[in-house]
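The values are calculated or read from the model by the stated rules, or taken from the named source; none is laboratory data. Fair warning: this is a prediction, and the values are worked out from it, not measured in the lab. Note: ideal-geometry Cβ built from the backbone for every residue, glycine included; neighbour counts use all protein chains shown. The accessibility values were calculated without ligands, DNA or RNA, using every heavy atom of the protein model including side chains. Shrake-Rupley method; radii C 1.70, N 1.55, O 1.52, S 1.80 Å.
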Amino acid sequence: MVTGTQIDIFLDTNASWMRKTKEKFDKAIEMKKNVRFEDGEKHLLFGKEYEIKIVKDSKCLSFDGFFNLSENCKDKGRKVFKHFYRNALQSYFDERLNAFSSRINCNYSSFSVGSATRTWGSCSNKTILRFTLLLAMAPVGVIDYVIIHELVHTKIAAHGKLFWNEVEKIMPNWKEKRKWLMENRDLLLSYV
């Protein structure tokens with residue numbers, strides 16, 4: 001049984017961490033509230049910001065240097081953008097997975113893009129790769145890092161020295177890409 005004194009000690013010891021964590025969550029919630037899918041609002045695609053233009057169109061969302069969002073679909077903006085991001089990544093992964101798998105000399109059986117928010121990617125023991133659609137907003141170098149990371153998992157399961165050495169052979173600046181993901185998670189989550 002935990003005593004009141006033990007709880008007080010825990011709270012005192014972890015007060016700074018709890019305060020920072022709460023601030024981080026509050027900031028993420030506020031950022032998400034500010035995304036309204038309005039004319040002129042900027043959204044990310046492959047690491048660059050592009051404006052939304054509200055248009056009279058039967059197609060919910062198209063892209064031509066602007067996100068052309070149909071006024072009829074504005075109310076379901078998050079859903080529309082998620083669909084768009086998933087499709088954009090499917091095309092990107094089709095090309096990049098093939099290029100990197102031949103460089104790494106590995107095979108994967110299939111891949112999919114889902115809406116995970118806790119992981120950037122995963123590799124099952126059957127070499128099925130899964131990626132989050134949040135990556136559609138990240139710079140291409142960062143996306144490539146996640147691709148390389150998961151492809152290396154098709155050969156080496158654990159995150160040991162051998163694993164990281166293999167990642168570094170393909171992408172020497174992988175730490176910089178990983179840091180970007182850690183620092184920008186809340187930003188990416190705010191859009192979808």
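Please specify each residue of the range 55-94 satisfying the condition of being among the acidic types (Asp, Glu) and farther than 16 Å from Leu45 by Cβ.
Keep residues of the range 55-94 that are among the acidic types (Asp, Glu), which gives 57, 64, 71, 75, 94.
The answer is Asp57, Glu71, Asp75, Asp94.
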_Pairs with Cβ under 6 Å, 6+ apart, first in the range 150-166 and under 20 Å from Phe131 (Cα atoms), second part of a loop (DSSP other than H, G, I, E, B)_ = Leu151/Cys106; Thr154/Cys106; Thr154/Tyr108; Thr154/Thr127; Lys155/Cys106; Phe163/Ile156
_Subset of the range 66-83 (residues that are in a loop (DSSP other than H, G, I, E, B) and out of contact with any helix residue (DSSP H, G or I) (no Cβ under 6 Å at 6 or more places or on another chain))_ = Phe66, Glu71, Asn72
*For the range 110-165, name all the residues that are more than 17 Å from Met182 (Cα to Cα) and hydroxyl-bearing (Ser, Thr, Tyr).*
Ser110, Ser112, Ser115, Ser124, Thr127, Thr154
*Please enumerate the residues belonging to the range 71-91 that are over 11 Å from Leu133 (Cβ atoms) and surrounded by 12 or more Cβ atoms within 10 Å (Cβ to Cβ).*
Asn72, Cys73, Lys74, Lys76, Gly77, Arg78, Lys79, Val80
*Scan the range 160-184 for residues that are touching a helix residue (DSSP H, G or I) at 6+ places or on another chain (Cβ under 9 Å) and either open to solvent by less than 60 Å² (accessible area, probe 1.4 Å) or outside any helix (DSSP H, G or I) (or both) and jot them down.*
Phe163, Trp164, Glu166, Val167, Ile170, Met171, Asn173, Trp174, Lys177, Leu181, Asn184
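Going through the range 93-127 one residue at a time, which ones are part of a helix (DSSP H, G or I) and either open to solvent by less than 40 Å² (accessible area, probe 1.4 Å) or free of Cβ contacts under 8 Å to residues at least 12 places away in the same chain (or both)?
Of the residues in the range 93-127, the ones part of a helix (DSSP H, G or I) are 93-104.
Matches in the range 93-127: Phe93, Asp94, Glu95, Leu97, Asn98, Ala99, Phe100, Ser101, Ser102, Ile104.
Looking at Lys155, is it open to solvent by 70 Å² or more (accessible area, probe 1.4 Å) and either over 30 Å from Glu38 (Cβ atoms) or among the acidic types (Asp, Glu) (or both)?
Working: open to solvent by 70 Å² or more (accessible area, probe 1.4 Å): yes; either over 30 Å from Glu38 (Cβ atoms) or among the acidic types (Asp, Glu) (or both): yes.
When the stated conditions are applied, Lys155 passes them.
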*asked:* Please count how many residues of the range 122-149 are in contact with a helix residue (DSSP H, G or I) (Cβ under 7 Å, 6 or more places away or on another chain) and under 18 Å from Glu168 (Cα atoms).
replied: 9
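Anything in the range 47-65 that is assigned to a loop (DSSP other than H, G, I, E, B) and open to solvent by 70 Å² or more (accessible area, probe 1.4 Å)? List them, or say none. Full working, then the answer.
Within the range 47-65, the first condition is being assigned to a loop (DSSP other than H, G, I, E, B), and the residues that meet it are 47, 56-60, 64-65.
Within the range 47-65, Lys56, Ser58, Lys59, Asp64 qualify.
Might you check whether a residue that is open to solvent by 70 Å² or more (accessible area, probe 1.4 Å) and either of a type in the set (Phe, Trp, Tyr) or over 21 Å from Ser190 (Cα atoms) (or both) occurs anywhere in the range 139-146? Break it down into steps so the answer makes sense when it comes.
Initial filter on the range 139-146 (open to solvent by 70 Å² or more (accessible area, probe 1.4 Å)): none.
There is no residue in the range 139-146 that is open to solvent by 70 Å² or more (accessible area, probe 1.4 Å) and either of a type in the set (Phe, Trp, Tyr) or over 21 Å from Ser190 (Cα atoms) (or both).
Within the range 128-138, can you find the residues that are open to solvent by less than 30 Å² (accessible area, probe 1.4 Å) and either out of contact with any strand residue (DSSP E or B) (no Cβ under 9 Å at 6 or more places or on another chain) or assigned to a strand (DSSP E or B) (or both)?
Step one: of the range 128-138, the residues open to solvent by less than 30 Å² (accessible area, probe 1.4 Å) are 129, 131-138.
Result: Leu129, Phe131, Thr132, Leu134.
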